[in-house]
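The values are calculated or read from the model by the stated rules, or taken from the named source; none is laboratory data. All values derive from a computational prediction rather than experimental measurement. Counting neighbours? That spans all protein chains shown, and the Cβs are built from the backbone with ideal geometry, glycine included.
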Ligand SMILES: [Zn+2]
């Protein structure tokens with residue numbers, strides 16, 4: 001009896017030490033890039049090679065939801081040793097030619113203006129309603145089109161949220177804005193589909209609410225509308241044997257507060273919180289703080305966190321290295337850089353050296 005027990009104990013020790021080794025060596029490095037169909041294959045091969053040599057393991061490619069362009073790029077990236085994720089702008093769909101034929105698919109502000117023709121902050125803010133059957137089905141059909149592409153790791157949702165009710169603090173002066181309270185022109189979605197579904201569930205109308213910013217059912221209704229799109233996208237991705245991942249706001253409470261996004265409640269495989277410290281006038285150690293928040297919120301689930309690092313917000317390669325280490329030391333399984341264009345040769349050298357130092 002004693003021998004097998006000892007054997008099992010030794011076996012368990014081996015498993016633990018292997019798992020630890022795996023954990024250290026599998027920390028991954030990614031980069032978000034936007035593709036252009038006009039560029040040559042050889043040009044992409046060169047770009048991908050440069051990333052691989054700089055220690056990058058995966059590319060998250062925005063093809064403007066064009067499966068054909070994605071199909072073209074996947075073998076080129078894989079040949080250079082990179083994994084590919086299909087990055088899609090989900091609820092914000094600028095210049096979506098099909099959606100633009102349906103003005104009623106767009107989100108409506110508390111002022112009653114549709115972002116079909118009245119766009120908050122910037123012209124590319126063209127948000128579709130997550131509740132209305134036709135608009136959510138359109139988004140999910142785009143997810144499916146990408147999920148079908150052979151060889152990708154995941155469909156990677158971006159803009160899977162509401163428009164910013166509060167902008168990141170460092171961006172406010174750019175728009176000459178003060179946002180001390182929820183402003184009606186940035187508060188969405190008061191479209192007929194949302195209001196009537198909410199009324200059915202809660203027997204009250206947000207349009208006549210005394211103060212929508214403290215109406216928890218109304219907030220939660222919108223968090224759940226986004227969750228429902230994600231959970232459906234998860235089923236679609238998995239049906240095609242792909243994962244579902246997403247670029248999200250820094251940590252769940254912050255995402256909830258700023259953009260009505262509660263990603264710790266989603267069915268998803270991995271998240272890439274955009275921990276862009278410079279947007280929030282924070283120091284580099286905040287990368288560690290925000291990473292830790294998400295990691296501890298997802299502790300019970302099998303959802304992995306990859307910390308998004310904003311390259312233009314870094315003052316030096318020393319800070320780049322620090323940001324990577326803050327992410328890793330606080331439980332992230334990888335980092336991803338925004339974006340490919342911003343990565344200099346010296347950044348790539350730093351990434352490679354930092355990666356080597358982890359082993
Ligand atoms: Zn709506």
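Yes/no matrix, rows are residues, columns are (1) part of a loop (DSSP other than H, G, I, E, B); (2) within 16 Å of the ligand (Cβ to nearest atom); (3) more than 28 Å from residue 337 (Cα to Cα):
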{"site": "213", "(1), (2), (3)": "no, no, yes"}
{"site": "221", "(1), (2), (3)": "no, yes, yes"}
{"site": "224", "(1), (2), (3)": "no, yes, yes"}
{"site": "229", "(1), (2), (3)": "no, yes, no"}
{"site": "233", "(1), (2), (3)": "no, no, no"}
{"site": "247", "(1), (2), (3)": "no, no, no"}
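When residue 138 is tested against (1) in contact (Cβ under 8 Å) with a residue 60 or more places away in the chain; (2) under 22 Å from the mean Cα position of the chain (by Cα); (3) surrounded by 17 or more Cβ atoms within 10 Å (Cβ to Cβ), only condition (1) is not met. With respect to (1) over 25 Å from residue 153 (Cα atoms); (2) surrounded by 17 or more Cβ atoms within 10 Å (Cβ to Cβ), the lone exception for residue 306 is condition (1). Among the residues of the stretch 278-316, those identified as out of contact with any strand residue (DSSP E or B) (no Cβ under 7 Å at 6 or more places or on another chain) and either under 13 Å from residue 337 (Cα atoms) or modelled with pLDDT under 95 (or both) are 299, 300, 301, 302, 312, 313, 314. Would a scan of the stretch 252-261 turn up a residue that is touching a residue at least 60 places away in the same chain (Cβ under 8 Å), within 16 Å of the ligand (Cβ to nearest atom), farther than 27 Å from residue 58 by Cα and exposed (fewer than 15 other Cβ atoms within 10 Å of the Cβ)? No: the stretch 252-261 contains no residue that is touching a residue at least 60 places away in the same chain (Cβ under 8 Å), within 16 Å of the ligand (Cβ to nearest atom), farther than 27 Å from residue 58 by Cα and exposed (fewer than 15 other Cβ atoms within 10 Å of the Cβ). Within the stretch 164-198, being in contact with a helix residue (DSSP H, G or I) (Cβ under 6 Å, 6 or more places away or on another chain), within 18 Å of residue 249 (Cβ to Cβ) and within 16 Å of the ligand (Cβ to nearest atom) holds for one residue alone: 165. Counting only helices (runs of 4 or more DSSP H) that sit wholly inside the stretch 41-155, those with at least 2 residues that are within 16 Å of the ligand (Cβ to nearest atom) are 133-147.
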